[in-house]
Amino acid sequence: MRVNPLRSQPVVRRHRVPYGAELEAGGARFQLWAPGCEQIRLALQFSADGSEKILEMTALPEGLHELWVANAGAGTRYQYVLPDGLRVPDPASRFQPDDVHGPSEVVDPQSYAWLDGGWNGRPWNEAVLYELHVGAFTAEGTFRAAMARLDHLVALGVTAIEMMPVADFPGTRNWGYDGVLPYAPDSSYGRPEDLKAFVDAAHARGLMVLLDVVYNHFGPDGNYLPLYAPTFFTDRHKTPWGAGINYDGPHSRPVREFIIHNALYWIEEYNLDGLRLDAVHAIMDDSAKHVLDELAERARILRPRVHLVLENEENAARRLTRDASGEPQHYTAQWNDDMHHVLHVAATAEGSGYYADYVGDVQKRARALAEGFAFQGQWMEFRGGPRGQPSAMLAPAAFVAFIQNHDQVGNRAFGDRLASIASTDALRAIVAVYLLLPQVPMLFMGEEWGSTQPFPFFCDFSGDLADAVRTGRRAEFARFPEFQDEALRERIPDPQADATFLAAKLDWRHAEDPEGAAWIDFYKALLAIRRESVAALLPHIRQGGVYEVDGGAIAVRWQLPENQALVLEANLCNEPARGIPSAHGRSLWSLGGELNDGGWPPWFVRWSIA
């Protein structure tokens, strides 16, 4: 275990949320924004003797309901009672011991004594991300169990963990994107103090922790907001999951505050180093100041060096700009799907769905490597329209590069990983490219030992919703030529089945077998080179590289001070390439040597400082 030398005396942390249950001297203040109800009652279940009280809340202007209750301490369970008698959880609940339909629990955030008071995070140029799903990362599937694997990540060369969403979702298993109570860590993973202990332990080892958050929709089961706050949503905007969240219409200020405070809450109360915002292209806002801009500004006031990462299908480069000193003005980086697509197509030759727009296009491959986005306003056939904005002026560190993630694996019919569908030579080549690229790399859990375990889509709904999800999952693949056979579609794993979730749980034994250990050594060697020779260059690379293409061969140069350059030369093809003559300097890494005629063999990769 690498202990942070800056550890100090225990400290406590608390973010004051303008909604929910906040402990005060001698009791707790309960607040609910329910503009759709004239009267709200509060049902309290006291932990000491199990007794219950139902109290009238005071209706305040603009739809707020409030009540201060003496002796309502930590551990008290409570629900809000609507005029028709329905009991609902607190939308700002810090913990749901009995899942999304049960009572909320008053939590004292100051009861956890943090030991990372000297932690100041790490600069973005040092980031090597590792995406994990808490429930599938270990057999136990808890925050505490995940702590036992942190030393593996440190030894590998990882510097930052990116957790898939943990906000409370219905049932015992879910990818996390169906959360309905965004302030409450799901009880299947542990209590709030268990998540804090995980972050504390990560910081002790020099690991940053980022959390995936979902502000584009709420899940379909357990979302009671429409019953008492119907203006939380709007039919003026549509998302793939239903009505949009009301960020810009009448009565939108409390909605914006609820979401922005959620981001601030995770950063301050859980001492997180950053957030990854899911599918921001589905966050519709016609306000003078978009909620994404306001969120970023307020997060950076709270913590100037916070790392804010976007997923944005629109490739909106304007959200990733830097100031004169090279610091992000709003968002730190964006998941670069284009980078994934060009490398995936190179390694697998797959051409269905959106991959068809990348097949055989070495120019797009080179552009993504050099400039970030492959589509910078060009027409994309799969979308039936133009996509993206120019990105060559952006620093490469404004992009997160990966060859696998939960979406790109799990959205496949059988959740098959890249190691199951690409040759070893091809896989080694694209790993050597993306781990040393001046974009920020992100591994997907188990990738480092060449895991071939599936990561299929899984959830835990019930009743008609479960049937609809099960049927819909198989129906969405019916438009693909390879799934025209109904019998084959029936083999697609049932998202609701226990076996589907269990299949996704990492089998750590494979990390120790000879093949797995060899892959780990390969990753360690590359990440050591990144740490020693590439990471320090990133602040000096302020814009995209210059690229050259000849057949299947690609050469990219990123300018460095003192007339130097970071150089990538690659042939990510099954056939030899003629090669691109260039000046060579200090070699960093190479796979395969030049052919006798100066050409490059298949899957040739060379990194150097020229």
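A short reminder: the numbers here are calculations on the coordinates, not readings from a lab. What you see is a predicted model, and the numbers here were worked out from it, not measured in a lab. FYI the Cβ positions are ideal-geometry reconstructions off the backbone, even for glycines, and counts take in every protein chain you see.
Compute the length gained on full extension between ARG542 and GLN329: take 0.36 nm times their separation in residues and subtract their Cα-Cα distance, giving the result in nm to one decimal.
Values: separation 213, 0.36 × 213 = 76.68 nm, distance 1.40 nm.
Contour length minus Cα-Cα distance gives 75.3 nm.
Counting every Cα pair in the chain, what percent are over 31 Å apart? Don't skip to the answer; put the middle values down first.
Details: 96053 of 185745 pairs.
Cα-Cα pairs of the chain separated by over 31 Å account for 52 percent.
Packing-wise, with mean Cβ within 10 Å as the measure, how do 541-548, 368-375 rank, highest first?
Values: 541-548: 19.0, 368-375: 26.8.
Packing proxy ranking, top to bottom: 368-375, 541-548.
Per 10 Å bin, what percent of the C-alpha pairs of the range 109-177 does each bin hold, from zero upward?
Spelled out per bin, shortest first, that is 16, 40, 37, 7.
Would you calculate, for the chain, the mean residue ellipticity at 222 nm contributed by helices, counting each DSSP H stretch of 4 or more residues as -39,500 (n - 2.57) and dividing by all residues, to the nearest 500? Each step should come with its number before you reach the end.
On the way: 15 runs with 142 residues, N = 610.
Computed mean residue ellipticity for the chain: -6500 deg cm²/dmol.
Just to confirm the number: angle between the C-alpha axis of helix 424-436 and the first principal axis of the chain, 0 to 90 degrees, nearest 10?
Around 70 degrees separate the two axes.
Could you state, as a whole-number percent, how many of the C-alpha pairs of the range 543-609 are farther apart than 20 Å? Don't jump to the answer; show the numbers that get you there.
Values: 501 of 2211 pairs.
Counting pairs separated by more than 20 Å, the tail of P(r) holds 23 percent.
If we sort 38-45, 459-466 on the protection proxy, mean other Cβ atoms within 10 Å, highest first, what's the order? Display every interim value, and only then the final one.
On the way: 38-45: 17.2, 459-466: 15.8.
Those peptides, ordered most packed to least, come out 38-45, 459-466.
Order by neighbour count: TRP519, TRP241, fewest other Cβ atoms within 10 Å first, most last. Before the final figure, lay out each step's value.
Details: TRP519 22, TRP241 16.
By the 10 Å Cβ count, ascending: TRP241, TRP519.
Using the Karplus curve 6.51 cos²θ - 1.76 cosθ + 1.60 with θ = phi - 60°, what ³J(HN,Hα) values do you get for each residue of the range 540-555, in whole Hz, with x for Gly and Pro?
After applying 6.51 cos²θ - 1.76 cosθ + 1.60, I find 8, 9, 8, 8, x, x, 9, 10, 9, 10, 9, x, x, 7, 10, 10 Hz.
What is the spin-label model distance, in nm, from GLN378 to LEU55 if the labels are put 7 Å beyond Cα along the C-beta direction?
For GLN378 paired with LEU55, the spin-label model returns 6.4 nm.
Non-local amide H neighbours of TRP600 (under 5 Å, H modeled in plane, Pro and chain starts lacking H): which ones?
Long-range HN contacts for TRP600: ALA577, ARG578, GLY579, LEU595.
I want the local charge near LEU55. Using Cβ-Cβ distances under 15 Å, sum +1 for each Lys or Arg and -1 for each Asp or Glu among the other residues. The partial results should precede the final answer.
On the way: positive: ARG29, ARG41, LYS53, ARG77, ARG87; negative: GLU52, GLU56, GLU66, ASP90.
Net of charged neighbours comes to +1.
What number comes out for the charge environment of GLU548, summing +1 per Lys or Arg and -1 per Asp or Glu over other residues with Cβ under 11 Å away? Don't skip to the answer; put the middle values down first.
On the way: positive: ARG557; negative: ASP550, GLU569.
Net charge around GLU548: -1.
Show log10 I(q)/I(0) for the range 20-111 at q = 0.14, 0.16, 0.21 Å⁻¹, two decimals, from a solvent-free Debye sum over equal Cα scatterers.
Debye curve over Cα of the range 20-111, log10 I(q)/I(0) at q = 0.14, 0.16, 0.21 Å⁻¹: -0.44, -0.58, -1.01.
Could you order peptides 405-417, 198-210 by the average number of other Cβ atoms within 10 Å of their residues, highest first? Write down the numbers at each step before the final one.
Details: 405-417: 19.8, 198-210: 22.2.
Result, highest mean Cβ count within 10 Å first: 198-210, 405-417.
Can you quote the Å³ per residue value for the convex hull of the Cα atoms in the range 508-566, rounded to an integer? Please report the intermediate quantities before stating the final value.
Working: hull volume 7.8 nm³, N = 59.
Each residue corresponds to 132 Å³ of Cα convex hull volume.
Which far-off residues, 5 or more places away or on another chain, put their amide H under 5 Å from the one on MET208, with H placed in the peptide plane?
ALA160, ILE161
Sketch the reach of a paramagnetic label on GLU515 as a point 7 Å from Cα along Cα-to-Cβ, and name the residues of the range 428-453 whose backbone nitrogen lies under 13 Å away.
Only 449-453 fall inside the zone, counting backbone N under 13 Å.
What is the angle, in °, between the Cα long axis of helix 514-529 and the longest principal axis of the Cα atoms in the chain? Nearest 10 is fine, range 0 to 90.
Helix 514-529 sits at roughly 90 degrees to that axis.
What does the extension gain come out to for GLN559 and ALA497, with contour length at 0.36 nm per residue minus their alpha carbon separation? Working shown, then result.
Working: separation 62, 0.36 × 62 = 22.32 nm, distance 5.16 nm.
Roughly 17.2 nm would be gained on extension.
Which is farthest toward the positive dipole end of the range 543-609 among PHE604, VAL567, GLY579, measuring Cα position about the Cα centre, with Cβ charges +1 (Lys, Arg) and -1 (Asp, Glu)?
The Cα lying farthest towards the positive end belongs to VAL567.
Using the Cα atoms of the range 140-218, I'd like the radius of gyration and the largest Cα-Cα distance, Dmax, both in angstrom.
12.8, 37
Could you go through the range 168-175 in sequence order and give the Karplus-derived ³J(HN,Hα) for each residue, using 6.51 cos²θ - 1.76 cosθ + 1.60 with θ = phi - 60°, rounded to whole Hz, and x for Gly and Pro?
4, 10, x, x, 10, 8, 5, 4
So what does the Cα-only Debye profile of the range 491-610 read at q = 0.22 Å⁻¹, as log10 I(q)/I(0), no solvent term?
The Debye formula, applied to the Cα set alone, gives -1.21.
With r defined as the distance between the Cβ atoms of ASP286 and ALA468 and R0 fixed at 25 Å, what FRET efficiency is calculated, to the nearest 0.05?
Details: r = 32 Å, r/R0 = 1.26.
Once the sixth-power term is evaluated, E becomes 0.20.
Relative to 2.2 N^0.38 Å, what does the C-alpha radius of gyration of the range 171-281 come to as a ratio? Two decimals please. Provide the component values of the computation, followed by the final result.
On the way: Rg = 15.3 Å, N = 111, 2.2 N^0.38 = 13.2 Å.
Against the empirical 2.2 N^0.38 Å value, I get 1.16 for the range 171-281.
Only counting other Cβ atoms within 10 Å, I'd like ARG530, ARG365, ARG428 sorted with the fewest neighbours first. Display every interim value, and only then the final one.
Numbers: ARG530 24, ARG365 27, ARG428 20.
Fewest-to-most ranking of ARG530, ARG365, ARG428: ARG428, ARG530, ARG365.
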